[in-house]
Amino acid sequence: MKRTYIGDLTKHVGKKVRLYGWVDNRRDHGKLIFLDMRDMTGKVQMVVVPAHKEAHQTSGDLRNEWVITVEGMVNKRPERMIKKDEPNGDVEIEVLELSVINQAITPPFEVNQDTSKVNEETRLTYRYIDLRTERMQYNLRKRGEVTKFIRDYLYNEKFVEISTPILTKTTPEGARDFIVPARMYPGMFYALPQSPQQYKQLLMVAGFEKYFQFASCLRDEDSRADRAFGEFTQLDLEMSFVVQEDILQLMEAMFTELVRKVFPEKRISQEPWPRLSHKEAMENYGSDKPDLRKDKNDSNELAFAWTLDFPLFTEQTKEDFYHGSGSAAFAPSHHMFTAPHPDDIGLLETDPAKVRGLQHDLVLNGYEVGGGSIRIHDPIVQEKVFDLIGFTSEQKQQFSHMLEAFKYGVPPHGGIAPGLDRFMMVVLGEKSLREVMAFPKTGEGRDLTMNAPSLATDDQLKELGLEVRKRK
Ligand code: ASP
């Protein structure tokens, strides 16, 4: 018999169905045994009566999380038993036949309850069990709906999705690189991309004009409340022949429509989204990502805003900028490919600290959920910026492929990269990014599910020409 999904049961009242899934809960009333069964589409209550002898006997042994299959009748519940607010609250399965596909040992925590209060190490160690819970299923499925919406929306706007390499060279987003030894070139290393920034700009040189991807960004820096350790996902996009206004309008239209379709219960506080200059934001709110919600207790309010007119440079500190020589006064406030405001080009020579950049930050409820900019497409200006941030000729050499590419007909271009994890965290009202990621690392950078990082074998090290110094 063909499988029926639990979420479709109300269409099958009065019919016999075959179900597959997990035991969510079992209540033994002696004669009557009640089972809640769960599959990816929902839960349903089932009743096993002694008249169906074998099924009744098997149900006696069942425990939560056992994998079972059931053949049963979909019955309408008696009027007084109907639970109006629950999915499947008006039906019940009368079990005719039940078999156990696989048993399960007792899980480390209750699966049929919210696990947000359960010890996080335990949850991450047994993430595959944690992800069975209703809230985690909801969060990840919503995340999937969001990526699907965005993908469809952008294809409709003539974008193309292109994947870029994970093994690459340093990409300057101001963090420390993860590096990977190159077996065939002893002593050399790939870097994992902090973002696809350079590739997406090269894709503009390559004539794609409108590109996006859901990109993994890898940055070896300590985790913070709004930054997961090691890796996160961005909706990375780039467009040619645009000005800043085009990027702002596209994002505003896309996120507004997304909220309407995927989160209809949410309200956007102000449309069009408020735009603040960096100066205004700092003066009025003391933050470049102000929380503009009218009522901070309202979990359904979404206050989007733009912060614009950032200074192109900030004062350089070693921690937030690894690529400079450390001796220059300036670090890019976004990244080194951000274009200076055309009115301020002259100031690059005379007063660089006063130059505004064509940077835009997307702010939501007090979080920076995305940043981007119009890029430099003039090799002379790019060199000037390299100089101001104190690049040695060796460091410039690291980016010579960009300067070279820009000699071959580069269109003006710009883009943005909203953080998917951060957006999901804010919109779902979760306190941690880990609540919206399938297999996040701990704050200390460990993957407890797989138990990573782990030691390399001696053979692996030998093959790579590496020696590990024992830590004292
Ligand atoms: N690559 C930038 C970042 O990761 C985003 C962008 O400029 O498009 O923040």
* To do: In whole Hz, with x marking every Gly and Pro, tabulate ³J(HN,Hα) for the range 443-460 from phi via Karplus 6.51 cos²θ - 1.76 cosθ + 1.60, θ = phi - 60°.
  => x, 8, x, 10, 9, 6, 5, 9, 6, 10, x, 9, 6, 8, 6, 4, 4, 4
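Loop only by DSSP, 16 or fewer other Cβ within 10 Å of the Cβ. Give me the GluC sites (Glu not before Pro) in the range 101-145 that pass, ordered by residue number.
Working: sites: GLU110, GLU120, GLU121, GLU134, GLU145; in loops: GLU110.
Sparse-neighbourhood loop GluC sites (Glu not before Pro): GLU110.
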* Structure fact -> proj_area_mean for the chain (convex hull on C-alpha atoms), units nm², value 29.2 nm²
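Using mean Cβ contacts within 10 Å as the protection proxy, how do 24-32, 388-396 order, highest first?
Details: 24-32: 12.7, 388-396: 15.7.
Result, highest mean first: 388-396, 24-32.
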* Structure fact -> Taking a crude spin-label model, label points 7 Å out from Cα along the C-beta direction, the GLN397 to ASP343 distance in nm is 4.1 nm
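Order these by the 10 Å Cβ neighbour count, fewest first: ARG183, ARG143.
Numbers: ARG183 12, ARG143 21.
Least to most surrounded, the residues fall as ARG183, ARG143.
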* Asked: Tell me which lysines have Cα within less than 17 Å of LYS15's Cα, excluding those fewer than 8 residues away on the same chain?
  -> LYS2, LYS76
* Asked: Among the aspartates and glutamates, which have Cα under 18 Å from the Cα of LYS441 when same-chain residues fewer than 8 positions away are ignored?
  -> GLU120, GLU121, ASP130, ASP177, ASP220, GLU221, ASP222, ASP226, GLU231, ASP421, GLU430
* **Where a label projected 7 Å from the Cα of GLU265 along Cα→Cβ would reach, residues of the range 94-123 with amide N under 15 Å** => none
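Can you flag which of LYS31/LYS53; LYS16/LYS43; LYS11/LYS83; LYS11/LYS43; LYS148/LYS431 are past 19 Å Cα-Cα? The partial results should precede the final answer.
Details: LYS31/LYS53 11 Å; LYS16/LYS43 17 Å; LYS11/LYS83 17 Å; LYS11/LYS43 15 Å; LYS148/LYS431 24 Å.
Correct reply: LYS148/LYS431.
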* To do: Please give the net charge around LEU348, taking every other residue with its beta carbon less than 15 angstrom from that of LEU348, where Lys and Arg add +1 and Asp and Glu add -1.
  => -4
* Asked: About its Cα centre, how strong a charge dipole does the range 70-202 have in debye, to the nearest 20, once Lys and Arg get +1 and Asp and Glu get -1 at the Cβ?
  -> 640 debye
* Asked: Roughly speaking, what is the stretch gain from SER163 to GLN103, that is 0.36 nm per residue apart minus the C-alpha to C-alpha distance, in nm to one decimal?
  -> 17.5 nm
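If you take the beta carbon distance between VAL243 and ASN156 as r and set R0 to 22 Å, what does 1/(1 + (r/R0)^6) give as a FRET efficiency, to the nearest 0.05? List each step's numbers first, then the result.
Values: r = 21 Å, r/R0 = 0.98.
For VAL243 and ASN156, the calculated efficiency is 0.55.
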* Tell me the label-point distance for the pair LYS2, LEU32, using the 7 Å Cα-to-Cβ offset, in nm and rounded to one decimal. => 3.2 nm
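Which of ARG375, ARG356 has the fewest other C-beta atoms within 10 Å, and how do the rest follow up to the most? Each step should come with its number before you reach the end.
Numbers: ARG375 24, ARG356 20.
By the 10 Å Cβ count, ascending: ARG356, ARG375.
Give me VAL426, VAL180 ranked fewest to most by other Cβ atoms within 10 Å of their Cβ, as a rough exposure proxy. Don't skip to the end; give the middle numbers.
Details: VAL426 19, VAL180 14.
Going from sparsest to densest Cβ surroundings: VAL180, VAL426.
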* Excluding MET1 itself, what net charge comes from residues whose Cβ is under 14 Å from its Cβ, given Lys and Arg +1 and Asp and Glu -1? -> +3
* To do: Give me the Debye-computed log₁₀ of I(q)/I(0) at q = 0.09, 0.13, 0.16, 0.19 Å⁻¹ for the range 65-181, equal point scatterers on Cα only, no solvent, two decimals.
  => -0.55, -0.95, -1.12, -1.17
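Could you work out how much longer the chain between ASP114 and ALA225 gets when fully extended? Use 0.36 nm per residue separation minus the Cα distance between them, nm to one decimal. Let's see the in-between values first.
Working: separation 111, 0.36 × 111 = 39.96 nm, distance 2.13 nm.
Length gained, ASP114 through ALA225: 37.8 nm.
Given N residues in the range 10-132, what is its alpha carbon radius of gyration divided by 2.2 N^0.38 Å? Present the calculation step by step, with values, prior to reporting the outcome.
Numbers: Rg = 15.1 Å, N = 123, 2.2 N^0.38 = 13.7 Å.
Rounded to two decimals, the normalised Rg is 1.10.
Bear in mind these aren't lab numbers, they're just calculated from the coordinates by the rules spelled out. Please read these numbers as outputs of a predicted model, since none were measured by experiment. FYI the Cβ positions are ideal-geometry reconstructions off the backbone, even for glycines, and counts take in every protein chain you see.
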